[in-house]
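Colleague: The following block contains the structure, expressed as structure tokens.
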Amino acid sequence: MQNSAVRKPPSEQLDLFDSTPEADPEPVPRGACRYDEMIGYGARMREIFDLIERVADCDSTILIHGETGTGKGLIARAIHRQSRRREKPFIAINCGAIPENLLESELFGHVKGAFTGATANKPGKFELADGGTVFLDEIGDMSPDLQVKVLKVLEEGEFEPVGGSKTIRVDVRILAATHRDLSEEVQKGKFREDLFYRLYVIPLSLPPLRERREDIPYLVDYFINQANCKNRRTVEGIDEEALERLKRHAWPGNVRELKNLIERLIVLKGSGRIGLGDLPSDLLGRPRSSASPPVIELTEEGICLNSAVTEFEKALILQSLEKTQWVKNKAAKLLHLNRTTLVEKIKRHRLTPSGAIDADED
């Protein structure tokens, strides 16, 4: 199966971390750095892989911070697989996906008769993970009452199940993740300061995909091979023009969004190469158009503020026009502008609907 045609970095950069299971059928793109189930090429991901290597085999608590879809769960699993606890359970629970009244029972278990429907004793995640690792995803969504009980597990290694009086002792390592800024949550009184500092022993921050665009060609290449194997397709790669469009996208859903998109393209394409015309409509607009405002990065050489502001204004105007099918009255309302002001800005930026009907009649 042929890899997609992306530029190959120099051979001296082929320093792969390959700690994935031997049965993994997808080849790693040449030049990419792989650690467990993660792929990277740029310096930021290599630094993260190095940090995992240094902290995985200790028992310190790790707090993983990153936007949704950046791979916090993959990081947690990689840490567990490299730790001395690798032969013991790894149990993950999303604190934001379970109602508060059920989360306590999920974490700590309950005894028979503790509440309506508790017809038998049930062990919780901490008890089931004894000797292994508990991954508390989106811990920033946990209620203050539960935070107290988690703090007790961290400090004393013990807890009581819901409705029970018997203390259960466990030996678990806790990994936690959140998309929230927990230091701000502490200042707002929404997160316990003592728990924050117990979790913040080793912080690990994952960059969003828009801040690691150099990784996109390698991720695309890997996901193409992965989706081909999974769906029995023979797509050979992606054209340079289509790849450049993917690199310009803001990726609000981060790596998860990219992976899902590539799988969709592979299933629909079947064979051949992915071209610009195969991309979905939200990626086929003008560069830096309605899909997202431009991503502005301040380089060491600096930036022209006026030009950056102009590009940002142009992108927002284009977004409002495309959302309203170029009905200017509606677009002006979205931007809180007078219609005449919007029309002037459209002329100044030389924006056209590019084949769409210019709906002046509102």
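Colleague: With just the Cα atoms of region 49-182, tell me how far they stretch along each of the three principal axes, in Å, largest first.
Modeller: Sorted from largest, the Cα extents of region 49-182 read 48, 29, 22 Å.
Colleague: Convert each backbone phi in region 255-266 into a coupling constant with the Karplus relation 6.51 cos²θ - 1.76 cosθ + 1.60 (shift: θ = phi - 60°), then list the ³J(HN,Hα) values in order as whole Hz, x for Gly and Pro.
Modeller: Calculated HN-Hα couplings, in order: 4, 4, 5, 5, 4, 5, 5, 4, 5, 4, 5, 5 Hz.
Colleague: Amide H to amide H, which residues 5 or more places from Arg173 or on other chains are under 5 Å from it, using H placed in the peptide plane?
Modeller: When sequence neighbours closer than 5 places are left aside, the close amide H contacts are Gly132, Thr133, Val134.
Colleague: What pairs in Lys125/Lys166; Lys88/Lys125; Lys72/Lys190; Lys122/Lys166; Lys314/Lys347; Lys323/Lys345 have C-alpha atoms more than 20 Å from each other?
Modeller: In this structure, Lys72/Lys190 lie more than 20 Å apart at Cα.
Colleague: Can you list the residues, at least 5 places off or on another chain, whose amide H is less than 5 Å from the amide H of Ile238, using H built in the peptide plane?
Modeller: Answer set, sorted by chain and number: Ala5, Ile274.
Colleague: Pop the C-beta distance of Glu313 and Asp239 into the FRET formula with R0 = 25 Å and round what comes out to the nearest 0.05.
Modeller: Once the sixth-power term is evaluated, E becomes 0.20.
Colleague: Report the GluC sites (Glu not before Pro) located in region 49-153 that are in a DSSP loop and have at most 12 other Cβ atoms inside 10 Å of their Cβ, or state none.
Modeller: Taking region 49-153 and a limit of 12 other Cβ atoms within 10 Å, the loop GluC sites (Glu not before Pro) found are Glu87.
Colleague: Once amide H atoms are placed 1.01 Å from N in the peptide plane, what residues at a sequence separation of 5 or more from Gly109, or on another chain, have their amide H within under 5 Å of its amide H?
Modeller: Excluding prolines and chain starts, which carry no amide H, the hits are Gly124, Lys125, Val162.
Colleague: Taking only the alpha-carbon positions of region 138-269 and ignoring solvent, what does the Debye formula give for the base-10 log of I(q)/I(0) at q = 0.18, 0.19, 0.20, 0.21 Å⁻¹?
Modeller: -0.93, -0.99, -1.06, -1.14
Colleague: May I ask which residue of Asn94, Ser83, Gly189 lies farthest towards the positive end of the charge dipole of region 59-205, with charges of +1 (Lys, Arg) and -1 (Asp, Glu) on Cβ and the Cα centre as origin?
Modeller: Positive-end residue among those listed: Ser83.
Colleague: For region 166-178, in order, what is each residue's ³J(HN,Hα) by Karplus, 6.51 cos²θ - 1.76 cosθ + 1.60 with θ = phi - 60°, in whole Hz (x at glycine and Pro)?
Modeller: In residue order, the calculated couplings are 7, 7, 10, 9, 9, 10, 10, 9, 9, 10, 10, 9, 7 Hz.
Colleague: Output ³J(HN,Hα) for region 323-336: one whole-Hz value per residue in order, computed from phi by the Karplus curve 6.51 cos²θ - 1.76 cosθ + 1.60 with θ = phi - 60°, and x for Gly and Pro.
Modeller: 5, 10, 6, 6, 7, 5, 4, 5, 5, 4, 5, 4, 9, 6
Colleague: Compute log10 of I(q)/I(0) for region 194-246 with the Debye formula, placing one identical point scatterer on every Cα and leaving out solvent, at q = 0.15, 0.23 Å⁻¹, to two decimals.
Modeller: After summing over all Cα pairs, the log10 values are -0.60, -0.91.
Colleague: Okay, next question. Considering every Cα-Cα pair within region 305-349, what fraction, in whole percent, is farther apart than 12 Å?
Modeller: Of all Cα-Cα distances in region 305-349, 56 percent exceed 12 Å.
Throughout, read-outs are computed from the coordinates displayed, never taken from laboratory work. Please read all numbers here as calculations on a predicted model, not as lab measurements. Positions of Cβ are backbone-derived with ideal geometry, glycine not excepted, and every protein chain shown enters the neighbour counts.
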